[in-house]
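**Student:** The structure is given below, and queries will be raised subsequently.
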Amino acid sequence: MDSSVFFGISTVAYILAMITYITYIAFKKHGVGVAATTITITGFVCQTLAILLRWKEFYDISQMGILRSVPITNLYESLIFFVWCLILGYLVVEFKYKNRSFGAFVTPVAGLALAFIDISGMSKEIQPLVPALQSNWLLVHVIMSFISYATFALSFSTAMMYLIVTTERKTEASYIFWSVMLGIFVIVLGALGLDFLKFKVAGMKPEALIKSYLFKATFFSDSSIVSILSYIAAFVLLFVIWRYGYILKRIIETFNISASTLDEITYKSIAIGFPIFTLGGLIFGAIWADQAWGVYWSWDPKETWSLITWFVYAFYLHARLLRGWRGHKISVVAVLGFVAVIFTYLGVNLLLSGLHAYGGLE
Amino acid sequence: MAKSKDKNIIDRIWDFLASVKLAIIVFSLIALTSIIGTILEQQASPEKNIQVISKLFGESLAPTLYRIFDALGFMDMYHSWWFVTLLMLFAANLLVCSIDRFPSIWKLVKEPIKPLKEEHFKAIPIKREITLKGKTEKVKETVGSVLRSEGFKYSEASDPGGHQFYWEKGRYSRLGVYITHFSILVILVGALIGIFFGFKGFLNLPEGESFGVAFTKTGELTPAEISERRIIFNALEISGGDVSMAARKLGVEESHLTARMKKLGMMPLGFSIRCDDFDVSFYGRSDMPKEYSSLLTVIDNGKEVLKKRIEVNDPLRYKGITFYQSSYGIMPDSSSFLFIFRTTSKTGVSETLRVRQGEKFLIPGTNIEATVTDWSPALSFDKDGRAFTYSEMMNNPGAQLEINENGKTYKKWILERYPVTWRLQNGHIVELVDIWGAQYTGLQVRRDPGVWIVYLGCATMSVGLFIAFFMSHRRLWVRVTTEKGNTKVMVAASANKNREAFERKIDKMVALLKEGGK
């Protein structure tokens, strides 16, 4: 069997797990919870197998060392690895805090990301490495970067939940912040989804889509009517999320997680992710750049964005540990940190040009 | 720090530099301005960025906005005075903060734990108190054994009215933050050393040629400087890149020439470097490059001292200067190329030939005369069978031979990557081995005496971060006193990180004490 079979199984498992976790939250039956965990673990094991198989497939084709054949060199592979880290992180939290409620949040992200990879027509072919990537630093640099991204993703979701459960009034700045943030996420994801649907119909190549068709199906449509309607729809969506945000709050309140636990998880995942990101992302990245390009730091957009991310989280840690920031203020910083992470990971590859132009969709 | 009301100006500056507020402001400013620097392409042509700006703000505003951004230094912002100032403020803040806070932390780190005075038990974050029945001596034994079983290697002391057990771990972990902060300063110092005492240049070296100078970026040059640069460059060309020879040719002192060259963006290496071969290898027959490599030879004082084939992730270092494989290209003039063929006649005579374009040669063991009439770095044929070049890289090198056999003449393309094309009409084989001298290798040349300091800073920062985030200073005091015939056990504990986990451990211990004390 090849890796794609196991990838398929894990995608289905995560989507099933999502349904089971939601059922668990609704009915709070212990058996359902155990089933949800079992399904998630099954998906995780399958995904691990799939990654290992793909690693072997890559190794057989590339004829490079085993360390250089690690399957994390294009967007497809890196997204899969990201999902893997996310699920691993979630399972650790589930066992440590004995609380399954997060599952309803994490498994949809995992399942949808994998499904998105499937329907987007992203290239899944195993590609040989361009010369600059043929280095043993690839393994440590990319893997550590992704582990830290996953911990930051976790801190993002707990910080968002913290904001959602602790805000009372719709006019509160924090309430507006989280509802707008959530709105933008939903809108961008939706618009991207529409782009991909349209591209599917038109049969265009994904790289062309990103470079020149981003949001063409909606905001930047050639037809001004579609464009105006998209803006109206986005606005309405924002309004709905703002107006009915309390429903989300009620759902999260049924999770039985105290706000202080959420705050603690946010802090802890950043405290774990930050050193890993510094070492694996920035330091190992600089050493590798020094070997491959002859400069350890060149202010290339990817480097600059990872530095921005680093500063945001450094800000978080200093504000929290030295100035004693707690509550809404600090959660907002954690959310913004993850926005910087997303931009470092995806935005730079898709929107800006630079030396790190490997992670594109081609 | 003295908190007197009438602070003098130096104290105020010190306080300002030591404040966390400044740190937070500087963090934000560096992050926010950097975002602009990633959107506007740095050191790019004005047209490019005007295009970017007009995409964001509309075409009518773009030229004005460009002028404003340009005047503020955003087109090369990471080297602009204000960004450098921000970085310096960042460094100053870090340094002053560390100096400011260090004495109190050092005191804490230097002094080992002591028994806690009774009245201080209340002020400790984690505190428990239980009363156990039984003799104090027996309770003391229980406390000792429980502490041992929980892994606390305690010390003991008796004070008037009681007996104390105390323990601590990771006192030095409090220094983690300082190691981390100090490392950032070390990295910045290393970077500064690199900027002031190193250089970054490039050198395009054709196969077979050597040169002793790398080219660096300069500011704008005056017309006089440009013509001076040309004169020096010509002298260097004639001398094969040898600076002392060029100095003799120009009739000036070598040291004077060196100084002028540095000013004009030409960095003497102190030795020469020669490119013996440049090669691109591909994955199978695809056009996907697998590796770029250059065979380089270092010539110092007229002697070949070092030979190495460099690849993208594997540079050459000599006398503190590093040569990186960075780019490559095709030479414009094909008259100097050497076409290397390996011929095998039908009778089995095999030989390697080196010929130039237009040169007639005889294929050994035959009476066939051949001439190279055309060449291509990447040959392909269109649907009508016409040859054309599809890439500027040596993807599919080919040489066109005009073959003359017994007065019959025909032309034939020989392709390096396709053995099918090597066979002539009557079975003789002409293999194209290489077109030598057709490519130049683009080398990134760098001297950076600060890089090891940067690496040292990175190493200590990793250690510092590990200590700062994954180790904590944990302290524990247990005091046993006799009270109204019973025994009171007071527990106080503190941890500067992950207090919840330590608290759970303490609670477990207290529970064990209760059981043991029954």
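**Student:** If you consider only alpha-carbon coordinates, what radius of gyration and Dmax does the range B:190-258 have, in Å?
**Tutor:** My reading of the Cα-based Rg and Dmax gives 13.8, 39 Å.
**Student:** Could I get the Rg over Rh figure for the range A:307-349? Both from C-alpha atoms, Rh via Kirkwood, rounded to two places.
**Tutor:** Working: Rg = 11.1 Å, Rh = 10.6 Å.
On the Cα set of the range A:307-349, Rg over Rh gives 1.05.
**Student:** Please sort by residue number the trypsin sites (Lys or Arg not before Pro) in the range B:427-492 whose DSSP state is loop and whose Cβ has at most 14 other Cβ atoms within 10 Å.
**Tutor:** For trypsin sites (Lys or Arg not before Pro) across the range B:427-492 that sit outside H, G, I, E and B with at most 14 neighbouring Cβ atoms in 10 Å, the list reads B:LYS484.
**Student:** Roughly how many Å² of A:VAL130 are accessible to a 1.4 Å probe, to the nearest 10?
**Tutor:** 50 Å²
**Student:** Hey, could you grab the Kirkwood Rh for the range B:1-61? Inverse mean 1/r over distinct alpha carbon pairs, Å, one decimal.
**Tutor:** Taking the inverse mean of 1/r over all distinct Cα pairs, the range B:1-61 comes out at 15.1 Å.
**Student:** Loop-only GluC sites (Glu not before Pro) in the range B:30-123, please: DSSP not H, G, I, E or B, and at most 13 other Cβ atoms within 10 Å.
**Tutor:** Sparse-neighbourhood loop GluC sites (Glu not before Pro): B:GLU59.
**Student:** Relative to 2.2 N^0.38 Å, what does the C-alpha radius of gyration of the range B:66-170 come to as a ratio? Two decimals please.
**Tutor:** Its radius of gyration relative to the 2.2 N^0.38 Å reference: 2.11.
**Student:** Which of the listed residues, A:THR171, A:ALA191, B:LEU353, is farthest toward the dipole's positive end in the protein assembly as shown, when Lys, Arg count +1 and Asp, Glu count -1 at the beta-carbon?
**Tutor:** My answer, from the dipole projection, is A:THR171.
**Student:** How much of the calculated P(r) for the range B:218-338 lies past 25 Å, in percent of all Cα pairs?
**Tutor:** The answer is 40 percent, as a whole percent.
**Student:** A further question on this structure: Check every DSSP H run in chain B and write down those whose alpha carbon atoms cover 15 angstrom or more along the long axis and whose mean Kyte-Doolittle hydropathy is 1.0 or greater.
**Tutor:** Counting only whole DSSP H runs, the qualifying helices are B:20-39, B:81-110, B:176-197, B:451-470.
**Student:** When the gyration tensor of the range B:253-402 is built from Cα positions, what are the square roots of 5 times its three eigenvalues, in whole Å, from largest to smallest?
**Tutor:** Equivalent ellipsoid semi-axes, largest first: 37, 21, 17 Å.
**Student:** Sticking with this structure for a sec: Based on the alpha-carbon gyration tensor of the range B:374-494, what equivalent-ellipsoid semi-axes (square roots of 5 times the eigenvalues) come out, in whole Å, largest first?
**Tutor:** Whole-Å semi-axes of the equivalent ellipsoid: 83, 19, 12.
**Student:** Let me ask something else about it. Taking the Cα centre of chain B as origin and charging only Cβ (+1 Lys, Arg; -1 Asp, Glu), how large is the dipole, in debye to the nearest 20?
**Tutor:** 3420 debye
**Student:** Once the cut-off is 39 Å, how many percent of the Cα-Cα pairs in chain B end up in the long-distance tail?
**Tutor:** 58 percent
**Student:** Take peptide B:321-330, look around each residue's Cβ out to 10 angstrom, count Cβ atoms belonging to other protein chains, and average those counts.
**Tutor:** Values: counts 0, 3, 1, 6, 5, 3, 0, 0, 0, 0.
Across the residues of B:321-330, the mean count of other-chain Cβ atoms within 10 Å is 2.
**Student:** So, one more: Chain pair B, A: how much accessible area is buried, both chains summed, with a 1.4 Å probe, in Å² to 100? Before the final figure, lay out the partial values.
**Tutor:** Values: alone 29580 and 17340 Å², together 42950 Å².
The contact between A and B buries close to 4000 Å².
**Student:** For chain A, state the semi-axes of the equivalent ellipsoid (square roots of 5 times the eigenvalues of the alpha-carbon gyration tensor), sorted largest first and rounded to whole angstrom.
**Tutor:** Working from the Cα gyration tensor, I get semi-axes of 31, 25, 24 Å.
**Student:** Which order do you get for B:ASP100, A:ASP222 if you rank them by accessible area with a 1.4 Å probe, largest at the top?
**Tutor:** A:ASP222, B:ASP100
**Student:** Something else: For chain A, take the longest principal axis of its alpha carbons; what is the angle in degrees between that and the long axis of helix A:284-293, to the nearest 10 within 0 to 90?
**Tutor:** Helix A:284-293 sits at roughly 30 degrees to that axis.
**Student:** With point charges of +1 on the Cβ of Lys and Arg and -1 on the Cβ of Asp and Glu, referenced to the Cα centre of the protein assembly as shown, which listed residue (A:ASN256, A:ALA314, B:THR38) lies farthest in the positive direction of the dipole?
**Tutor:** Going by the Cα projections, it comes out as A:ASN256.
**Student:** If you don't mind, another one. If you look at just the Cα atoms of the range B:2-101, how large are its Rg and its Dmax in Å?
**Tutor:** In order Rg, Dmax, the Cα atoms of the range B:2-101 give 18.5, 57 Å.
**Student:** Counting only the heavy atoms of the protein chains, how much of A:ILE184 is accessible to a 1.4 Å probe, in Å² to the nearest 10?
**Tutor:** 80 Å²
**Student:** So for A:TYR97, B:TYR455, what's the accessible-area order with a 1.4 Å probe, most first?
**Tutor:** A:TYR97, B:TYR455
**Student:** Taking the range B:338-436 as the region of interest, what is the percent of Cα-Cα pairs per 5 angstrom bin, listed from the shortest bin to the one with the maximum distance?
**Tutor:** Pairs per bin, as whole percents: 3, 14, 24, 28, 18, 9, 4, 1.
**Student:** Which whole number gives the average count of other chain Cβ atoms within 10 Å of the Cβ atoms across peptide A:280-286?
**Tutor:** Average neighbour count from other chains, rounded to a whole number: 3.
**Student:** Which parts of the range B:445-493, residue by residue, lose 50 Å² or more of accessible area when the rest of the protein chains are there, as against the chain isolated (1.4 Å probe)?
**Tutor:** Flagged in the range B:445-493: B:TYR455, B:LEU465, B:PHE469, B:PHE470.
**Student:** Determine the alpha carbon to alpha carbon distance for each of A:LYS56/B:LYS290; B:LYS308/B:LYS360; B:LYS217/B:LYS249; B:LYS107/B:LYS484; B:LYS21/B:LYS122; B:LYS122/B:LYS508 and list only those over 29 Å.
**Tutor:** With Cα atoms farther than 29 Å apart: B:LYS308/B:LYS360; B:LYS107/B:LYS484; B:LYS21/B:LYS122.
**Student:** As a test of reading the structure, rank A:PHE255, A:PHE177, A:PHE95 by solvent-accessible area (1.4 Å probe, protein chains only), most first.
**Tutor:** Values: A:PHE255 5, A:PHE177 45, A:PHE95 120 Å².
Final ranking, largest accessible area leading: A:PHE95, A:PHE177, A:PHE255.
**Student:** Here is a further query. Using the Kirkwood radius over C-alpha pairs as Rh, can you work out the diffusion coefficient of the protein assembly as shown via Stokes-Einstein at 10 °C, viscosity 1.306 mPa s, in µm² per second?
**Tutor:** Stokes-Einstein gives a translational diffusion coefficient of 49 µm²/s.
**Student:** May I pose another question? Suppose only helical runs count, i.e. DSSP H with n ≥ 4. What mean residue ellipticity at 222 nm does that imply for chain B under -39500 (n - 2.57) per run, divided by all residues and rounded to the nearest 500 deg cm²/dmol? Present the calculation step by step, with values, prior to reporting the outcome.
**Tutor:** Numbers: 12 runs with 191 residues, N = 518.
Calculated at 222 nm, the ellipticity per residue is -12000 deg cm²/dmol.
**Student:** Next up: Can you give the local net charge around B:GLY265? Use residues other than it whose beta-carbon is closer than 10 angstrom to its beta-carbon, Lys and Arg +1, Asp and Glu -1. Intermediate values should be presented prior to the final figure.
**Tutor:** Values: positive: B:LYS217, B:ARG229, B:LYS262, B:LYS263; negative: B:GLU225.
Around B:GLY265, the charge tally is +3.
**Student:** Still on this structure, please answer the following. Quick check: residue separation of B:LYS263 and B:ASP277 times 0.36 nm, minus the Cα distance between them. What number comes out in nm?
**Tutor:** Contour length minus the Cα-Cα distance gives 1.9 nm.
The values are calculated or read from the model by the stated rules, or taken from the named source; none is laboratory data. The model shown is predicted, which means the values in this text are computed figures rather than measured ones. Positions of Cβ are backbone-derived with ideal geometry, glycine not excepted, and every protein chain shown enters the neighbour counts. Protein only, heavy atoms only, side chains kept; ligands, DNA and RNA dropped before computing areas. Shrake-Rupley method; radii C 1.70, N 1.55, O 1.52, S 1.80 Å.
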